[in-house]
Amino acid sequence: MEKELPKIDLPEDWVIGTGINKELLGLYTNYPVRLKCEIFVLCLEGTVEASVNLNHITVKANDFVTLTPGSIFQINSIEGDLNIYFMGFSSKYIEQTSQSRSMLDAIYFTLGRPVFSLKKEGVQLMEQYLQFLINIYEHFPDKIKNDITPNLYADIHKGISIIYKSIPAEEKPAISKSEQIFRNFNQLVMQHYMQNRNVAWYAEQLGITHAHLCTTVKQVSGKTCVDIISSIVIMDAKSQLKSTNLSIQDISDSLNFANMSFFGKYFKRYVGMSPLEYRNNG
């Protein structure tokens, strides 16, 4: 189980366990990993500073974390002894299952707020539930584990949806129209950056002018649209260079660059070194 966390995907429909320690996560500090799978984490001890899709998060005791498929995350620092539960669903299972309303709700609610702090009673209930699932995972045959996957998948997403909907209105951050445009832009970029880096295309999808999109994104984030698109493209490229054995040509193709030379120049412009130099030394 421990060996699976750093990978882009999971080897089984669902995986659960504990024992994700500081040393293991420390191996993946300072460069990003892109998830094809979905990951849930319950933190009981320790503190992890990380980035999820360019947003900084802090995970501490009593926090529950949801990382949706396609998320790009990076560990920045780890403090204290970690005690966490880890669970995930593979991309193979996610792709073959129908996306229920609760699944879509969970993705929407957690996009801008992947970390949720639980009360003491909630932590105890969550720990008991996850320990129950660990017992099933470790002691039941594969057929039974596979048979319960649809119900397990539905129950967890329904639970997440209920938790986020139960947050008192006064605790929910108010979202202005500009912030909503920014969030929608980010979500679109996460879905389409491999195929499209044209800002005008995103403006068209959002039903607003190119100028309005650029002005809004700059006001909300302090970054340009091109900055945000390129940051995610570069994070994906870094992830593939460090986490896979794919050739630079294959990585260039996966990110829809016209040719490897253009990919190399693009990467060097933002990183300060070539893709090969980053893979070997970065």
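The values are calculated or read from the model by the stated rules, or taken from the named source; none is laboratory data. A quick note: this is a predicted structure, and the numbers were derived from the prediction, not measured. A quick note on method: Cβ atoms are made from the backbone with ideal geometry, for glycine too, and the neighbour counts reach across all protein chains shown. These area figures cover heavy atoms from the full protein model, side chains too; ligands, DNA and RNA do not enter into them. Shrake-Rupley method; radii C 1.70, N 1.55, O 1.52, S 1.80 Å.
For the reader, a short list of remarks on this structure follows.
- Option label - semi-axes √(5λ) of the Cα gyration tensor in Å computed here, alternatives (1) 39, 29, 16; (2) 32, 24, 18; (3) 29, 24, 17: (2)
- Burial order of peptide ranges 232-245, 197-210, 72-85 (average beta-carbon count within 10 Å, highest first): 232-245, 72-85, 197-210
- Under the membrane-span-like helix rule (DSSP H runs whose alpha carbons stretch at least 18 Å along the helix axis, mean Kyte-Doolittle hydropathy 0.0 or higher), the chain yields 225-243.
- Calculated accessible area for region 193-238 comes out at 46 Å² per residue, all protein chains present (probe 1.4 Å; ligands, DNA, RNA ignored).
- Coarse-grained scattering of region 116-215 at q = 0.12, 0.14, 0.22 Å⁻¹, given as base-10 log I(q)/I(0) from a Debye sum over alpha-carbon atoms: -0.71, -0.82, -1.09
- Solvent-accessible area assigned to carbon and sulfur over the chain amounts to 52 percent, based on a 1.4 Å probe.
- Pairs from the list 223/265; 60/268; 22/242 with a Cα-Cα gap above 28 Å: 60/268.
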